[in-house]
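No value in this document is a laboratory result; all are computed from the given coordinates. Remember, predicted model here, so these are calculated numbers, not experimental data. As a convention, Cβ positions derive from the backbone with ideal geometry for all residues, glycine included, and neighbour counts pool all protein chains shown.
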Number of protein chains: 2
Amino acid sequence: MVKLNENYQNVKDSYLFAEIARRVKVYEETHPEKAADIIRLGIGDVTLPLTKSVIEALHEAVDSQAVSETFKGYGPEQGYAFAQEAIADYYARNGVEVKATDIFISDGAKSDTGNITELFAKDNVVLVPDPVYPVYVDTNTMDGKNIIYMNGTKENDFLPMPDENVKADIIYLCSPNNPTGACYNKEQLEAWVAYALKNDAVILYDSAYEAFITDPTLPRSIYAIEGAKKCAIEFCSLSKTAGFTGTRFSYTVVPEELVFETSNGGTLSLHNMWNRRQCTKFNGTPYIIQYAGAKVFTEEGMKECQENIGYYRENARMIAETLEKKGISFTGGVNSPYIWFECPKGMESWEFFDYLLENAQVVGTPGAGFGENGKNYFRLTSFGKHEKTKEAMERFNSLF
Amino acid sequence: MVKLNENYQNVKDSYLFAEIARRVKVYEETHPEKAADIIRLGIGDVTLPLTKSVIEALHEAVDSQAVSETFKGYGPEQGYAFAQEAIADYYARNGVEVKATDIFISDGAKSDTGNITELFAKDNVVLVPDPVYPVYVDTNTMDGKNIIYMNGTKENDFLPMPDENVKADIIYLCSPNNPTGACYNKEQLEAWVAYALKNDAVILYDSAYEAFITDPTLPRSIYAIEGAKKCAIEFCSLSKTAGFTGTRFSYTVVPEELVFETSNGGTLSLHNMWNRRQCTKFNGTPYIIQYAGAKVFTEEGMKECQENIGYYRENARMIAETLEKKGISFTGGVNSPYIWFECPKGMESWEFFDYLLENAQVVGTPGAGFGENGKNYFRLTSFGKHEKTKEAMERFNSLF
């Protein structure tokens, strides 16, 4: 008889966005006159279309697939060299040296942060921040791994630091953080790298929002820290950088330096293991997407993307300004598309969700959906349209 | 200290196509005057470009991503309903009823046949045919699962049948088969479904080459067999059907009927587990690819694809005709893009590889790369150009 992976019984229902949708629907049905007023600043999806150079590149690549002479079938599972090299150049322009052959192109940071768990044995201690992007917890729960949490709180600016009394083998860090928008500085990341090197631990560094960093003193890559190539894997994506949430292009850096001992006294290379994993269970990102994705990393392509990011930054500024005026404490908004704030009047996050929906017709994300430490917090995103964000903030302003 | 997944030490190096490339390179260097004559009928990649309606649809979808009003961000992880419904219609036209909501759209049958292993506990007996597509073995080896083999031989036409003395929990079937081109008939699949139902086993049915079936009596889906929805998952792909090897669109059917008991007396639904897996570790196939992929399943789109498949079929016919004339026993060629034949003169498959390369400058795939039972067999594919295939067969004809 087939035996199923019963760890799935321990994965909590992913009810957060479903529950948000349900509550919004109930409100719309009970207040039909207000339905048109609802402004959604909850889900972290972009609203601006793809940039001009990406659209042009997509058309070019499609045309090349229409004729035998230029038609591309199976590509390298790791991604085309032209795309790997474009990314390595982008890193270099940001002052970080990454080998093109250490870059694996994929279809999503969610896929890669999930699939990477396969490379690790069951008996590891996995350290995850709370609040946190739920995928880190769910994927390790599916694997039956032992998860422990580190607290992100107002006191540490939602940037938990290593604790020598806690022995972790695998450490998830997300900076700029989803959901809190908080961003580690160089000294803080140095402390994490030192901890990982001392404990032979691996850092899984989610840097999906790096393009939102404007402060030049903040690292945009874990590899800006010396020694990180011996202890860290980095996950990046074009989802928010270039509006690729529906177009799908990500990249993961697994340095060749990541070699660890095995129980039989040998060694295994995480780079070689990930390469084997991708060659066995993946056939590469579509050629037309890679062709267009590579354009994003050129100076011209990134300039266009930064214009779009600038648009979202202006939304973040409006939200932050409103919160400041009201004396509400928050993280993010600068160097991040997310704004994370303490619910006013001591409200619990779902209570505040209902309050904001009923009184201002604004939809956000309750912090409780990201962990225990989020239960009195709320997330707004800057990915909306200017007019809608402005209107939402005017209502917020009148409400409190 | 981080503990790596040491099962990776047991995965054999994927040397098959690397070794082929190495031997061809050595030959080219030692025989530069013959290098231009080499004809490659080894790797199973298509050579015809994308069809007209797919190219048009890709351009349309790209244009829709250029403007806010039609821009698509995150889509459903399961795939867009329009694509699921197009596939369900295609099944219906082939006489099989599959619910649109049981269809999960993905980026590759390789991804899905690999990732599906996550849903099963370690302590299952996995039954795999030999010869076999190496991914089934490698992915289960990475998981540390117990793999047993069933022999595909000349005696059973490379179509192994269930053996009541063998207790398997998970069964891989690939029909039309890669590498042998052999295709199960209805009675044979009924026997497999009966075995699975009797033993509470799950069949993982790889149907990636179904569009090559011309014999109307041969099932193109495991769901043509009564009871299959209670025991089988089916994997399909547009890679060979529509030349999507570099464009990436696949679909996997996980029927809601697939419910199994857990050790604590409860039940788990494979449909719900796969849904949870995909929602947690995947963000959907790119919108533009889904939009174009859906067109393939229309009557017009499939007509164009069948014209291309017809082109490859003519290659298969030429190869089969040559083998018949020489009295060489083979499977496939009809209802399949692959032709699998016994190496002439009792040669071992790598020996024959060298012989054919040196004497006819034709590159194929040695059967040894697919398992023990392949060591005296050889695979040729019909995915080349007519002129090249014709020329290769003329040389073959003169050689033997």
Taking neighbour Cβ counts within 10 Å as the exposure measure, how do B:L380, A:L58 sort from fewest upward? A:L58, B:L380
Surrounding net charge for B:Y251, when Lys and Arg each add one and Asp and Glu each subtract one, Cβ distance under 11 Å: -4
Kirkwood hydrodynamic radius, computed over distinct alpha-carbon pairs, for segment B:5-148: how many Å, to one decimal? 20.2
Can you check what the net charge comes to around A:A392, using other residues whose Cβ is under 13 Å from the Cβ of A:A392 (Lys, Arg +1; Asp, Glu -1)? 0
Provide a whole-number value for the mean count of partner chain Cβ atoms within 10 Å of the Cβ atoms in peptide A:298-304. 0
Position B:T153, label points 7 Å along Cα→Cβ, spacing to each other copy in nm (shortest first, one decimal): 7.0
Stretched fully, the stretch from B:K325 through B:D200 gains (0.36 nm per residue minus C-alpha distance, one decimal, in nm) 40.4 nm
Per-residue Cβ contact counts at 10 Å, fewest first, order B:C279, A:C174 as B:C279, A:C174
Show me the ranking of peptides B:382-394, B:20-32 by mean Cβ neighbours inside 10 Å, starting with the highest. B:382-394, B:20-32
Paramagnetic reach from B:F400 in segment B:309-333 [backbone N under 13 Å; point 7 Å along Cα→Cβ]: B:319-331
Roughly how many Å is it from the Cα centre of segment B:185-225 to that of segment A:1-58, as a whole number? 37
What is segment A:205-247 by shape, rounded, prolate or oblate, if you read a ≥ b ≥ c off the alpha carbon gyration tensor as root eigenvalues and call it rounded for a/c under 1.5, prolate for a/b larger than b/c, and oblate otherwise? oblate
Can you compute 3J(HN,Hα) from phi for each residue in segment B:321-334, using the Karplus curve 6.51 cos²θ - 1.76 cosθ + 1.60 with θ = phi - 60°, rounded to whole Hz and x for Gly and Pro? 4, 4, 5, 4, 4, 8, x, 8, 6, 8, 10, x, x, 9
So which lysines pass the test for B:K3, namely a Cα distance under 21 Å, with those fewer than 8 places away in the same chain ruled out? A:K122, A:K145, A:K167, A:K198, A:K229, A:K230, B:K12, B:K122, B:K145
If you scale each eigenvalue of the Cα gyration tensor by 5 and take the root, what three semi-axes come out for chain B, rounded to whole angstrom and sorted largest first? 34, 27, 21
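So what's the projected area for the protein assembly as shown, the Cα convex hull averaged over all directions, in nm²? Each step should come with its number before you reach the end.
Numbers: hull surface 137.4 nm².
Projected over every direction and averaged, the Cα hull of the protein assembly as shown covers 34.3 nm².
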Please identify the chymotrypsin sites (Phe, Trp or Tyr not before Pro) of segment A:104-150 that satisfy two criteria: DSSP loop assignment and at most 15 other Cβ atoms within 10 Å. Which are they? none
If R₀ is 22 angstrom, what is the calculated FRET efficiency for the pair B:K52 and B:A92, using the beta carbon separation as r and rounding to 0.05? 0.35
Hey, if you put +1 on the Cβ of every Lys and Arg and -1 on every Asp and Glu Cβ in the protein assembly as shown, which of B:A294, A:Y209, A:T252 ends up farthest toward the positive end of that dipole? B:A294
Which distances in nm, rounded to one decimal and ordered from shortest, link the label point of A:P32 to the equivalent label points in the other identical copies, with labels set 7 Å from Cα toward Cβ? 8.3
Summarise the long-distance tail of P(r) for segment B:215-302 by giving the % of C-alpha pairs beyond 20 Å. 51
Quick one: Cα centre-to-centre distance for segment B:109-157 and segment B:250-267, in angstrom? 19
Nearest 5 is fine: what % of DSSP beta bridges in segment A:52-297 come out antiparallel, could you say? 40
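With n ≥ 4 as the cut-off for DSSP H runs, can you work out [θ] at 222 nm for the protein assembly as shown, using -39500 (n - 2.57) per run divided by the number of residues, rounded to the nearest 500?
After summing the helix terms and dividing by the residues of the protein assembly as shown, the value is -11500 deg cm²/dmol.
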Within segment B:155-216, GluC sites (Glu not before Pro) in DSSP loop having at most 16 other beta-carbon neighbours inside 10 Å: B:E155, B:E164
With 31 Å as the limit, write out which pairs from A:K34/B:K295; A:K385/B:K52; A:K388/B:K52; A:K34/B:K281; A:K110/B:K295; A:K154/A:K240 have Cα-Cα distances beyond it, or answer none. A:K34/B:K295; A:K385/B:K52; A:K388/B:K52; A:K34/B:K281
Sort shortest first the distances from B:T217 to its counterpart in every other copy, using label points 7 Å along the Cα-to-beta-carbon line, and give them in nm. 8.1
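Could you work out the mean count of beta carbons from other protein chains within 10 Å of each residue's beta carbon in A:242-249? Walk me through the numbers on the way to the answer.
Working: counts 0, 3, 3, 8, 13, 8, 12, 1.
Mean inter-chain Cβ contacts per residue within 10 Å come to 6.
Computed FRET efficiency, Cβ-Cβ of B:T217 and A:E226, R0 56 Å: what is it to the nearest 0.05?
On the way: r = 67 Å, r/R0 = 1.20.
After rounding to 0.05, the efficiency reads 0.25.
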Would you mind listing how long segment B:68-132 runs along its three principal axes, going by Cα atoms, in whole Å with the largest first? 50, 32, 21
Which residues does the label zone of B:Y74 cover in segment A:126-140, counting backbone N under 12 Å from a point 7 Å along Cα→Cβ? A:133-135
Multiply the residue gap between A:E6 and A:I148 by 0.36 nm, knock off their C-alpha separation, and tell me the result in nm, one decimal place. 49.1 nm
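Over segment B:52-298, what is the relative contact order in whole percent, taking alpha-carbon pairs under 8 Å and six or more residues apart? It would help to have the intermediate numbers written out before the result.
Details: 438 pairs, mean separation 64.8, N = 247.
Relative contact order for segment B:52-298 comes out at 26 percent.
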